[in-house]
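Okay, structure first, notes after.
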Amino acid sequence: MTEAEFETLLREVGALKEGHFLLASGRHSGQYIEKFDLLRQPRMTEQACREFVRQVQDWGVEVVAGPTTGGILLAFEVARQLGVAAAYAERASDGSSAREFRRGTQFPPGARVLVVDDILTTGGSVRETLAALEREDVQVLGIAVLVDRSGGRVTFDVPLLALSRMDIATWEPDDCPLCREGVPLVKPGTTASGGSAPTSA
């Protein structure tokens, strides 16, 4: 699957949206990728994950790890196709922003791990997952995401694979041209403007 084919897939399922969106960071954007429009469709998700598998099939991956929530679905499917174990980085039980591997998850010593996630914007959830893996006796081989919307500005110490790379402009509210034009602001997942934080960005 080429990058253009994957972006066509996103449009076909309605995941790539145009408008005026309030992101989780508080910034505004004219485009938004609703990952769950893809992840709600198992066959489409399987197809996307097959491209991850094609690119990493010679890496010797032993565990695929993903952060909640979208990353868990992708980790499961990539692991299923590779025939290896999956692991899930959840929010720490102490209520902090850290992540941890819970529910009895254990890694074989020196396990070769691939980290997968959905949309890369600032890299926060991936870095939290990497921090959780640093507490384990594992080797992180690389990171795979559906969409890198940072335009390549977010980097890591291991290879980063992305099915699509988009440089999507974002603005602080005081600097937003869509606000100046009076375009209604929408929180992803709702039809109201303003209010509580959106579900993802």
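The values are calculated or read from the model by the stated rules, or taken from the named source; none is laboratory data. Note that the coordinates shown come from a computational prediction; the quantities given were computed from them, not determined experimentally. FYI the Cβ positions are ideal-geometry reconstructions off the backbone, even for glycines, and counts take in every protein chain you see. With ligands, DNA and RNA removed, areas are computed over all heavy atoms of the protein, side chains included. Shrake-Rupley method; radii C 1.70, N 1.55, O 1.52, S 1.80 Å.
For Leu160, what accessible area in Å² do you get when you roll a 1.4 Å probe over the heavy atoms of the protein chains, rounding to the nearest 10?
Using a 1.4 Å probe on the heavy atoms, I get roughly 30 Å².
Once phi is turned into ³J(HN,Hα) by the Karplus curve 6.51 cos²θ - 1.76 cosθ + 1.60 with θ = phi - 60°, what whole-Hz value does each residue of the stretch 114-127 show in order, with x for glycine and proline?
10, 9, 10, 8, 8, 10, 9, 10, 9, x, x, 5, 5, 5
Quick one: net charge around Arg127, please, counting Lys, Arg +1 and Asp, Glu -1 for every other residue with C-beta under 11 Å from its C-beta.
-3
Protein chains only, probe 1.4 Å: how do Arg50, Arg99 rank by accessible area, largest first?
Solvent-accessible surface, decreasing: Arg50, Arg99.
What net charge is computed for the residues neighbouring Arg102, neighbours being all others with C-beta under 11 Å from the C-beta of Arg102, Lys and Arg scored +1, Asp and Glu -1?
Summing Lys and Arg as +1 and Asp and Glu as -1 gives +1.
Could you pull out which residues in the stretch 75-91 have an amide N less than 19 Å from a spot 7 Å beyond the Cα of Ala131, following the Cα-Cβ vector?
The answer is 88-91, whose backbone nitrogens lie closer than 19 Å to the label point.
Give the cysteines in the chain for which no other Cys Cβ lies under 4.7 Å away, or write none if there are none.
Taking the Cβ cut-off of 4.7 Å, the unpaired cysteines of the chain are Cys49.
The chain: percent of C-alpha pairs farther apart than 30 Å?
Beyond 30 Å sits 22 percent of the P(r) for the chain.
Would you calculate a helix-derived [θ] at 222 nm for the chain, using -39,500 (n - 2.57) for each DSSP H run of n ≥ 4 and dividing by the full residue count, to the nearest 500?
Dividing the helical sum by the residues of the chain leaves -8500 deg cm²/dmol.
FRET efficiency for Glu3 and Arg91, Cβ-Cβ distance as r, R0 = 30 Å, nearest 0.05?
My answer for the efficiency is 0.40.
In the chain, carbon and sulfur make up what percent of the accessible area (probe 1.4 Å)?
The computed percentage sits at 48.
By the gyration tensor of its Cα atoms, with a ≥ b ≥ c the square roots of the eigenvalues, what is the shape of the stretch 67-168: rounded for a/c under 1.5, prolate for a/b over b/c, or oblate?
Here the stretch 67-168 falls in the prolate category.
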